[in-house]
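Here's the structure we're looking at; comments come further down.
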Amino acid sequence: MSEFVWGLITMGYAIAGLFFLRFWTRTREGLFAAFAVAFWLLALNQALVAVSAVPREEQTPFYLLRLAAFGIIIGAIVMKNLRARSR
């Protein structure tokens, strides 16, 4: 049952990435592209955890994908705010 839930979470992350990609194609706003990449990294992280069946995910190198995803989100928000402030 847990593999099924992991698959649903992976699919949710991938679909969220596709939505942000669609918003990026309409607006060409870098924030949306960053969110799309971040959600795809989260989907990859979840898929790798599901396939490898590790007992504690926080003790694997896969956890670095999650760290990178959140770093991309934080960096994109900071850059967006810096650009808005400079105008």
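Computed values, structure above
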read-out	value
Residue within segment 51-63 that is modelled with pLDDT of 95 or more, assigned to a helix (DSSP H, G or I) and among the aromatic types (Phe, Trp, Tyr) present	no
Subset of segment 75-87 that is in a helix (DSSP H, G or I) and loosely packed, with under 12 Cβ neighbours inside 10 Å - its residue that is farthest from the chain's Cα centre (by Cα)	SER86
Members of segment 14-29 found to be of a type outside the set (D, E, K, R) and either touching a Phe, Trp or Tyr at 6+ places or on another chain (Cβ under 8 Å) or not in a helix (DSSP H, G or I) (or both), listed by number	ALA14, ALA16, GLY17, PHE20, LEU21, PHE23, TRP24
Long-range neighbours under 8 Å by Cβ, at least six apart or interchain, first residue over 16 Å from ILE9 (Cα atoms) within segment 48-61, second in a helix (DSSP H, G or I)	THR60/VAL49; THR60/SER52
Qualifying residue in segment 44-54 (condition: surrounded by 12 or more Cβ atoms within 10 Å (Cβ to Cβ) and among the small types (Gly, Ala, Ser))	yes
Residues located in segment 1-28, provided they are loosely packed, with under 15 Cβ neighbours inside 10 Å and either touching a residue at least 40 places away in the same chain (Cβ under 8 Å) or among the β-branched types (Val, Ile, Thr) (or both)	GLU3, VAL5, GLY7, ILE15, THR25, THR27
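The values are calculated or read from the model by the stated rules, or taken from the named source; none is laboratory data. Treat the numbers as computed from the prediction; the structure is a model and nothing was measured. Every residue, glycine as well, gets a Cβ built from its backbone with ideal geometry; the counts of neighbours run over all protein chains shown.
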